[in-house]
1. Only one of these is of a type in the set (Asp, Glu), at pLDDT 95 or above and crowded, with 17+ Cβ neighbours inside 10 Å: 15, 38, 53. Name it.
2. Starting from region 102-113, take each residue that is under 16 Å from residue 54 (Cβ atoms) and at pLDDT 90 or above and list its partners that are of a type outside the set (A, V, I, L, M) and assigned to a helix (DSSP H, G or I), counting only C-beta distances under 7 angstrom and pairs at least six apart or across chains.
3. Does region 30-45 include one or more residues that are touching a strand residue (DSSP E or B) at 6+ places or on another chain (Cβ under 6 Å) and charged (D, E, K, R)?
4. Can you pull out every residue in region 80-111 that is of a type in the set (S, T, N, Q) and either within 10 Å of the chain's Cα centre (by Cα) or surrounded by 14 or more Cβ atoms within 10 Å (Cβ to Cβ) (or both)?
5. List the number of the failed condition for residue 77; all other conditions in (1) over 25 Å from residue 105 (Cβ atoms); (2) in a loop (DSSP other than H, G, I, E, B); (3) of a type in the set (Phe, Trp, Tyr) hold.
Amino acid sequence: MHRAACRRMRILVVDGDDVAARSISRVFAYHDVIQEPDSDVALTRVRSGEWFDLVLCDAAMPKTSGVGVLDAMRGWFGSDGPTLVLMSGSDTEVAPSADVILAKPLRAAEVRRLITVARALHARRTTSRARSSWVPSEPQVGRS
């Protein structure tokens, strides 16, 4: 699909490593990317109403851990929230709230693929919400 036909996504990158955050931002150059080096500030931004379609968070954040950030976001949004990605230097990281876990160092192709994953998850969640809120119309009684 041509870039012009794709909706720009709002992406939050939570990583204390400025070089890593800038590298990820360059991969998502077409989209609106916000870099946040402080996990607690990232949580405050989301809590205050900022919306992101995709959140990438480093597991090894100094204040609130990456798992803690994603757990808090999943708690606020449930399954209707942004696509949550944990970036970890360990291949044994466990993060039940994450939709995706990526091993560091990240490869550009994996990071780009996240846009497709985020769009698919958003479409599935939207369809699921529409189905769960659907109410059949009242039956027509006594009409001939």
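1. Numbers: 38 fails: crowded, with 17+ Cβ neighbours inside 10 Å; 53 fails: at pLDDT 95 or above.
Just one listed residue meets the conditions, 15.
2. 102/110
3. yes
4. 83, 88, 97
5. (2)
Residue-by-condition table, conditions (1) under 19 Å from residue 121 (Cα atoms); (2) in a helix (DSSP H, G or I); (3) without any contact (Cβ under 8 Å) to a residue 12 or more places away in the chain:
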site: 16; (1), (2), (3): no, no, no
site: 24; (1), (2), (3): no, yes, no
site: 41; (1), (2), (3): no, yes, yes
site: 45; (1), (2), (3): no, yes, no
site: 51; (1), (2), (3): yes, no, no
site: 56; (1), (2), (3): yes, no, no
site: 62; (1), (2), (3): no, no, no
site: 71; (1), (2), (3): yes, yes, no
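The values are calculated or read from the model by the stated rules, or taken from the named source; none is laboratory data. Predicted, not measured: the structure shown is a model, and the values here were computed from it. Reconstructed Cβ throughout: ideal geometry from the backbone, glycine too, with neighbour counts over all protein chains shown.
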